[in-house]
Amino acid sequence: MLTFILACYGLTQIIVYSKILSPIRPSYYFFNCPMCVGFWVGVFLVILNPFTELFIFDVSLINAFVLGCLSSGTSYALCMLVSDGGFQHEYRTQRSVDSKVETETSRQVLQG
């Protein structure tokens, strides 16, 4: 399963973000969305399953759908987690959230 997920993620990354494919990549939203492309990459790899020894899934419509969904979700999650610069993260402290709330509240009290 891990091999399948990593293969789907790698192929999705190549299709969506690679500079090599950018001249021939259509400009439709579909080809810029790792979730959309990830689904079809998963279906594609299920179809290729009989020709490789990497995966041991039965080729069926249900397996193609379920593994396409798995590929879509994990490819999207990994694409959002890892970028060219490494791991992505957003850090918000509780203090910045509290100060925003206090500012909004004090404005409402003064205006009311």
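Extending each Cα 7 Å along its Cβ direction at PHE30 and LEU2, get the distance between those two points in nm, one decimal. So the label points at PHE30 and LEU2 sit 3.4 nm apart.
Summed over the residues of segment 1-92 and divided among them, the accessible surface reaches 70 Å² per residue at a probe radius of 1.4 Å. Site pair PHE65 and SER83 shows an inter-label distance of 3.6 nm when each label is modelled 7 Å from Cα along Cα→Cβ. The simple spin-label model puts a point 7 Å past each Cα toward its Cβ; for ILE20 and GLU53 those points are separated by 2.5 nm.
Accessible surface of segment 4-50, 1.4 Å probe: 77 percent of it comes from carbon and sulfur atoms.
The values are calculated or read from the model by the stated rules, or taken from the named source; none is laboratory data. Only a predicted model underlies this, so the values are computations on that prediction, with no experimental measurement involved. Ideal geometry is used to build each Cβ from the backbone, glycine not excepted, and the neighbour counts take in all protein chains shown. Heavy atoms of the whole protein, side chains included, go into the accessibility calculation; ligands, DNA and RNA do not. Shrake-Rupley method; radii C 1.70, N 1.55, O 1.52, S 1.80 Å.
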